[in-house]
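Contents: one structure, followed by commentary.
The values are calculated or read from the model by the stated rules, or taken from the named source; none is laboratory data. Just so it is clear, the model here is predicted, and its values are computed rather than measured. Counting neighbours? That spans all protein chains shown, and the Cβs are built from the backbone with ideal geometry, glycine included. These area figures cover heavy atoms from the full protein model, side chains too; ligands, DNA and RNA do not enter into them. Shrake-Rupley method; radii C 1.70, N 1.55, O 1.52, S 1.80 Å.
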Amino acid sequence: MAWTLQRRWALAVAAGALAVTAGAWAWHARAAVAPGDDDVAVKTVEVVRTDLSASHTLRGQLGFGAAQPVKGAGAGVVTWLPAAGTPIGRGDVLLRVDDEPVVLFLGGVPMYRPLHEPNTVGRDVAVVAENLKALGYTIGSQPKAGTVVTQSGVRTAATASQGAGTPASGPPVRVTVRDGDGVLTTALIAAVKAWQRDRGMPADGRLDVGDVVVLPAAVRVDAVTGQAGDAATGPLLSVTPTAKVVTAQAGLSDAGGMTAGDAVTVRLPDGTAVPGKVATVGRSAVAADGDQQARLVVTVTLDDPAAVDRLDAADVRVEVAGQTRTGVLAVPVGALVALSEGGYALQFPDGRLLPVTTGLFAKGMVEVTGAGLTAGATVVTSS
């Protein structure tokens, strides 16, 4: 009979361990003690009245974030590459091919075709227009969405087979401008020519695929993987954002309570506290070095980036504030027993069960309330 009771309670505890909290990963099932089972050794703990806080600290690294590779897009030979650590902004030269500058434009659509025929319509044209305007060039007015423009011709199968630089042919076509499209107007072509003259490029109003590289934002050169003399079509360098961020790995239970915008404190190696905010919480679990526990990558931005100007990289701590309960009754999470009818209980050494209501879970402890439960009461625990 005692063995049956022990087995039943062991199974109940093991089931309850999985449901208590996402952070309770290290449960050890235990046998509840029925009255008279003096030969079974159990651990006990006292119910305490204490303050609980869900705040926690994560180890993090200050840096520029993950690096992304940049490939050349046009034919030719690389003749110059920037040094690692160089910031590259809108309109800056990212590299040189055949000793001609390849310039950084900011946007979401890469150059994928030559742009030179009047009234060419597309989102890539909008990128060119937005960048030239931001660089101070006069681009004139752009047709609004819904406007119908006439293009000089369309690319046929025959001209397409002759290469991207072959002029389009065929009868004129009418194209409706959509939201997000730009139009290669006469004024915009004139702006392209003015920009080309200022950059020391042939001022022919034509933009080829390899003339610019389009990235979402300004970058910092992280590493140079190519060299002068390489073909311009392979990986040439890697870049990161220009702003420093902190990346940290959080256990699933800690990360589960964090959302983008949450305020945190970043503690620098010298003890300086820099306020920041959670930017992203990853969705792919990874295993930390020397630790089998699954973790999520959390990215934190700094409210005052100038506070870390003197550091390019450093090990830091990320202090995450959480809920706080003061003066509550609490026990280790391992003292909870799952009830078959639902909910939890505490077990006294004589085998009696007291149903309890759980509150805040923090650092291996759990807030509990129950009829007649007082500080100092002794209960059975698995840890």
(Q) Using each residue's phi in the range 364-370, evaluate 6.51 cos²θ - 1.76 cosθ + 1.60 at θ = phi - 60° and report the 3J(HN,Hα) Karplus result to the nearest Hz, with x for Gly and Pro. (A) x, 10, 9, 6, 9, 9, x
Q: Using amide H atoms built 1.01 Å from N in the peptide plane, name the residues 5+ places from T147, or on other chains, whose amide H lies under 5 Å from its own.
A: V177
Q: Return the long-range amide H neighbours of V97 (sequence gap of 5 or more, or a different chain), with a cut-off of under 5 Å between placed amide H atoms.
A: T79, V102
Q | Along each principal axis, Cα extent of the range 57-119, largest first, Å | A | 58, 30, 18
Q) For the range 227-319, with every protein chain kept in place, what is the accessible area per residue (1.4 Å probe, Å²)? A) 52 Å²
Q: May I ask for the net charge around A217, where only other residues with Cβ less than 13 Å from the Cβ of A217 are counted and Lys, Arg are +1 while Asp, Glu are -1?
A: +1
Q: Over the alpha-carbon set of the range 271-349, work out the extent along each principal axis and list the three values in angstrom, largest first.
A: 58, 33, 21
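Once you have the Cα-Cα distance between Q68 and A294, take 0.36 nm times their residue separation minus that, and quote the gain in nm to one decimal.
78.9 nm
When only DSSP loop residues count, what trypsin sites (Lys or Arg not before Pro) in the range 52-112 have their Cβ near at most 15 other Cβ atoms within 10 Å?
Working: sites: R59, K71, R90, R96; in loops: R90.
Here no trypsin sites (Lys or Arg not before Pro) fit, given the DSSP loop and packing criteria.
Under Stokes-Einstein, with the Kirkwood radius over Cα pairs standing in for Rh, what whole-number D in µm²/s applies to the range 224-383 at 4 °C and 1.567 mPa s? Don't jump to the answer; show the numbers that get you there.
On the way: Rh = 19.8 Å.
Taking Rh from Cα pairs, D becomes 65 µm²/s.
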(Q) Ratio of alpha-carbon Rg to the 2.2 N^0.38 Å globular estimate for the range 255-314, to two decimals, please. (A) 1.27
